[in-house]
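Below is one structure; the comments refer to it alone.
The values are calculated or read from the model by the stated rules, or taken from the named source; none is laboratory data. Nothing here was measured: the structure is a model prediction, and the numbers come from that model. Here the Cβ positions follow ideal geometry from the backbone for every residue, glycine too, while neighbour counts run over all protein chains shown.
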Amino acid sequence: MVLDLTVLGCAGSHTGVGRMCSGYLVEAAGKRILLDAGNGSTGNLQREHRLRDLDAIVISHRHVDHCIDLIGCYYNLRFDPDHAGRMPLYAAAEVHELLTGLLSGDAPMSFDDLFAHQEVGHGDHIQIGEVSLRFARSVHPVPTVSTRIEVGGGTVVYSGDSAGGPDLVEIARGADLLLCEATWTGDAADYPPDIHLTATDAAKVANEAGVGRLILTHLAGATDREQAMAEAAAVFDGTVQLAEDLFRYRVEAHD
């Protein structure tokens, strides 16, 4: 059994040339799970899959570069003659209120006619077939979760937006792959506190958690990608890679 992680968007805060905002597809044990749905990411998803073929969607927080494509998903599913039922949606606090507010008064169907929403927070666990997902609080200005995905002994952890901290380290403990935000480069003291990680701090989290591989994502548009890679590689003991739109990363099961 394998766990495949496909990057649908890895840009931080806004899109760039050839870069969509946060979105990642997890495929394992016959299930397809979308992690975040930032600007443009679901367009990349539909290069290979229909939205109705997803088994669930997980949204880390309400900032639009992580969830706004769910508005397009709403219309896609609404006008898809072959879609039936409600798409399972697991989202941090305040996501549902934001999205339903944007669709307020849109007749004849509501957001909840198409999405079966469940709020998730620190310590929550859900099971989608053989795929296990656990959530931990993330340090960020709005309610945010980090997500641990496990199947067949393979583990991927997605930080969401995060300023690090012990909860991220703990949920990433021993993961095969940590997909970690690294919005900035240089000295963390040069940036506002409790919002994002630098590449160096992402590498420190990876070391402390003892992960096998570190994928840097959510780099801000002005962040030098080569500098981010160099700073993380100078600190992390394992393999470091930069997330790229449409790249696929594989984790082998090891029961």
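Of the residues that sit in region 1-51 and are at pLDDT below 95 and polar (S, T, N, Q), which one is nearest to L77 (Cα to Cα)?
T15
Residue check, D4 against (1) outside any loop (DSSP other than H, G, I, E, B); (2) at negative phi; (3) out of contact with any Lys or Arg (no Cβ under 7 Å at 6 or more places or on another chain), all met but one. Which one?
(3) is the only condition that D4 fails.
Among residues belonging to region 25-34 that are under 17 Å from G160 (Cα atoms) and in contact with a helix residue (DSSP H, G or I) (Cβ under 9 Å, 6 or more places away or on another chain), point out the one that is surrounded by the fewest Cβ atoms within 10 Å (Cβ to Cβ).
Among residues in region 25-34 that are under 17 Å from G160 (Cα atoms) and in contact with a helix residue (DSSP H, G or I) (Cβ under 9 Å, 6 or more places away or on another chain), the one surrounded by the fewest Cβ atoms within 10 Å (Cβ to Cβ) is L25.
Applying the selection to region 36-65, what residues are out of contact with any helix residue (DSSP H, G or I) (no Cβ under 9 Å at 6 or more places or on another chain), buried (at least 24 other Cβ atoms within 10 Å of the Cβ) and under 26 Å from A253 (Cα atoms)?
Within region 36-65, V58 is the sole residue that qualifies.
Which ranges mark the strands (runs of 3 or more DSSP E) fully within region 167-255 that have 3 or more residues being crowded, with 18+ Cβ neighbours inside 10 Å?
Values: elements: 177-181, 213-217, 239-242, 248-252.
Qualifying strands (runs of 3 or more DSSP E): 177-181, 213-217.
Answer with yes or no whether V131 is touching a Cys at 6+ places or on another chain (Cβ under 8 Å) and closer than 30 Å to V2 by Cβ.
For V131, the condition - touching a Cys at 6+ places or on another chain (Cβ under 8 Å) and closer than 30 Å to V2 by Cβ - is not met.
Which members of region 83-105 meet the condition of being at pLDDT 95 or above and either surrounded by fewer than 16 Cβ atoms within 10 Å (Cβ to Cβ) or part of a loop (DSSP other than H, G, I, E, B) (or both)?
Passing the criteria: R86, A92, A93, E94, E97.
Scan region 7-31 residue by residue and report those that are within 15 Å of the chain's Cα centre (by Cα) and of a type in the set (S, T, Y).
Scanning region 7-31 gives S13, S22, Y24.
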